[in-house]
1. Please enumerate the residues belonging to segment 92-114 that are in contact (Cβ under 8 Å) with a residue 24 or more places away in the chain and more than 18 Å from residue 60 (Cα to Cα).
2. Residues being out of contact with any strand residue (DSSP E or B) (no Cβ under 7 Å at 6 or more places or on another chain) and more than 16 Å from residue 85 (Cα to Cα): count how many of those fall in segment 100-117.
3. Which one of the conditions (1) closer than 18 Å to residue 52 by Cα; (2) surrounded by 12 or more Cβ atoms within 10 Å (Cβ to Cβ); (3) free of Cβ contacts under 8 Å to residues at least 60 places away in the same chain does residue 117 fail to meet, given that it meets all the rest?
4. Could you grab me the full set of residues in segment 63-114 that are under 17 Å from residue 46 (Cα atoms) and either more than 10 Å from the chain's Cα centre (by Cα) or surrounded by fewer than 16 Cβ atoms within 10 Å (Cβ to Cβ) (or both)?
5. Name the one entry in 50, 42 that is touching a helix residue (DSSP H, G or I) at 6+ places or on another chain (Cβ under 6 Å) and either surrounded by 10 or more Cβ atoms within 10 Å (Cβ to Cβ) or modelled with pLDDT of 95 or more (or both).
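The values are calculated or read from the model by the stated rules, or taken from the named source; none is laboratory data. What you see is a predicted model; the values in this text were computed from it and never measured. Here the Cβ positions follow ideal geometry from the backbone for every residue, glycine too, while neighbour counts run over all protein chains shown.
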């Protein structure tokens, strides 16, 4: 019986372009590599209402930011976001303090989220 189930799962996986993954891993993969057509979610021009709201709040909180990227990685329902911010405001402060600044700026939005992955850096630091 286990062999039959394993065979069925393998066949289903071979039919899909993206192997079955836990949602958090798939969200990270999608943000890094984009969709099958090469589009990355949530970047300029195709922002969802939630992404736009978060980006606007971050632009107000970090007016000197050289880069703000927001992507809804929950399939458009607004439960999970990937946020990348590059700002001089982060220079000389520890990562935990950088993240606290972002959390303060998004305090209301965070209440309705399941979670988000945050990456902060200064313009002179190397990219991940």
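1. 95, 112, 113, 114
2. Qualifying residue count, segment 100-117: 6.
3. Here residue 117 clears every test but (3).
4. Correct list: 67, 68, 75, 76, 77, 78.
5. On inspection, the qualifying residue turns out to be 42.
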